[in-house]
Amino acid sequence: MTPPAVVTGWGTALPPTVVTNHDLEQRLDTSDTWIVERTGIRERHVGGTVAGLATEAAAAALERAGTRPQDVDMLLLATTTPDETVPHTSSVVHHRLGLSGGAMDVNAACAGFVYALVTAFGSLAVGARRVLVVGAECLSRITDWDDRGTAVLFADGAAAVLLEATGGADPLHGGPGLLGYDLGADGSAHDLLVCPHGGTMSMDGREVFRRAVRVTVDSATAALCRAKVPVEDVALFVPHQANLRIIEAAGSRLGIPAERTAVVLDRTGNTSAASIPLALCDALAGSRVGDGDIVLLSGFGAGMSWASAVVRWAS
Ligand code: ACO
């Protein structure tokens, strides 16, 4: 059981350079029509550094929350693309923001943000009061821009939430916070999506697609079951933003309609660990989540790894 907790601030950062499908048409054997029909992506942002994007998103979250950096107990930075092998990128973000407490990177590919969020709730259970959870990626650095199979998919960005312990009822008795979660990994399939040191990503897209739908449905269902929440009660489904067809297939098998699903990938592409918080923040910006709402977050990606969380929302 984790203590009651609320998200008091959130923020995003996208690099200013926008690459549209039409830009990609100029240099690759692809088309806007193919990309939109097969993925749902129309444009994506590229550039910056993970530390820079994460710092910008986290600073916005702190400002929105009205919280001083020195009052943060922990920074969890989910990323697959750290700026350097050593040190962990979160230490740079910690310094730039002037945070207190600990800082660590979490690498679980596209499931990383939900892994970090569950870890953040766990940190509150052992005494932390405020935890910054950030997803940030510069996937453009590990993308082969001559490979039409991957170049049309991946991009850069960051988003952050500030999770704060609060008083009152615990989540299982109507209070805000984590109601249930599901974490998993199947390393026997790790070679379906790989990037060696200094190299670029290669992927068996069809097999990843097939698994993504099945695992998202299974993991989301397991988290809802543990939370004792019927799927009809989900006010907002925030899936990993890899492919609109994966999101639609998973949503339809779960029984969650498009109007209760957060989608941002048409504007961002696949930003791995940043994709779920970017979609969540987009929904928050559109006032699509209110106090007491049930939010289901579900990520799936390289590893293959997955993570789902059911949260009763309050801000
Ligand atoms: N433009 C035009 N044609 C293309 C392109 C492109 N960009 N890419 C592939 N094609 C062609 C293929 O060559 C193939 O041609 P062929 O029939 O002549 O052989 C045809 O389109 C169909 O190819 P598929 O691979 O079957 O296309 P599919 O519909 O599966 O879409 C895609 C490919 C978008 C990669 C899809 O499989 C997918 O989204 N997979 C999941 C990817 C994913 O979720 N990755 C995320 C994990 S993220 C992480 O952890 C970082």
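Each Cα pair under 8 Å and six or more residues apart adds its sequence gap; the mean of these over the residue count of the chain is a relative contact order of 26 percent.
Note on D147 and V86: with the Förster distance fixed at 25 Å, the Cβ-Cβ geometry gives a FRET efficiency of about 0.30.
Taking label points 7 Å from Cα along the Cα-to-Cβ direction, R288 and A169 give a separation of 2.7 nm.
On a per residue basis, the chain carries 40 Å² of accessible surface, using protein heavy atoms and a 1.4 Å probe.
Per residue, what volume in Å³ does the Cα convex hull of the chain take up?
Given the Cα convex hull of the chain, per-residue volume reads 116 Å³.
Sorting 282-289, 178-185 by their mean Cβ neighbour count within 10 Å, with the most densely packed peptide first, gives 178-185, 282-289. Hey, what angle do you get for helix 244-254 against the long axis of the chain, alpha-carbon based, 0 to 90 degrees rounded to 10? Around 50 degrees separate the two axes. Counting only DSSP beta bridges whose two residues both lie in region 176-312, roughly 75 percent are antiparallel. Here the chain is treated with +1 on each Lys and Arg Cβ and -1 on each Asp and Glu Cβ, and its dipole about the Cα centre works out to around 520 debye. Under a model in which nothing but the beta-carbon of Lys, Arg (+1) and Asp, Glu (-1) is charged, region 1-69 shows a dipole of about 340 debye around its Cα centre. So how tilted is helix 275-285 from the main axis of the chain? Cα-based, degrees 0 to 90, rounded to 10. So the inclination is approximately 60 degrees.
Placing a label point 7 Å from the Cα of R68 along the Cα-to-Cβ line, no residue of region 156-173 has its backbone N under 13 Å from it. Translational diffusion coefficient of region 210-262 (Stokes-Einstein, Kirkwood radius from Cα pairs, 37 °C, 0.692 mPa s): 297 µm²/s. Positive-end ranking of T200, A51, P69 along the dipole of the chain, with charges on Cβ about the Cα centre, is headed by P69. When only Cα pairs below 8 angstrom with a gap of at least 6 residues are kept, region 5-165 shows a relative contact order of 34 percent. Counting charges near D293 (Lys, Arg +1; Asp, Glu -1) among other residues having Cβ under 12 Å from its Cβ returns a value of +1.
Between 0 and 90 degrees, rounded to the nearest ten: what's the tilt of helix 50-65 against the longest Cα principal axis of the chain? Rounded to the nearest ten degrees, it is 40.
For the chain, the antiparallel share of DSSP beta bridges with both residues in that region comes to about 70%.
Taking all protein chains as present, what is the carbon and sulfur share of the accessible area of the chain, in % to the nearest whole number, probe 1.4 Å?
51
Dipole magnitude for region 176-312: computed about the Cα centre from +1 point charges on Lys and Arg Cβ and -1 point charges on Asp and Glu Cβ, it is near 100 debye. To check you understand DSSP bridge types, tell me what percent of the beta bridges within region 5-165 (both residues inside) are antiparallel, rounded to 5. Roughly 70 percent of the DSSP beta bridges within region 5-165 come out antiparallel. As a rough guide to protection, the peptides 152-163, 105-116, 199-210, 217-228 ranked by mean Cβ packing within 10 Å, highest first, stand as 152-163, 105-116, 217-228, 199-210. Helical content alone sets the calculated 222 nm signal of the chain at -10000 deg cm²/dmol, taking -39,500 (n - 2.57) per DSSP H segment of four or more residues and averaging over every residue.
The values are calculated or read from the model by the stated rules, or taken from the named source; none is laboratory data. These numbers were taken from a predicted model, which means no experiment stands behind them. With ideal geometry, Cβ positions are generated from the backbone for all residues, glycine too; neighbour counts draw on all protein chains shown. Side chains included, ligands, DNA and RNA excluded: accessible areas come from the protein's heavy atoms. Shrake-Rupley method; radii C 1.70, N 1.55, O 1.52, S 1.80 Å.
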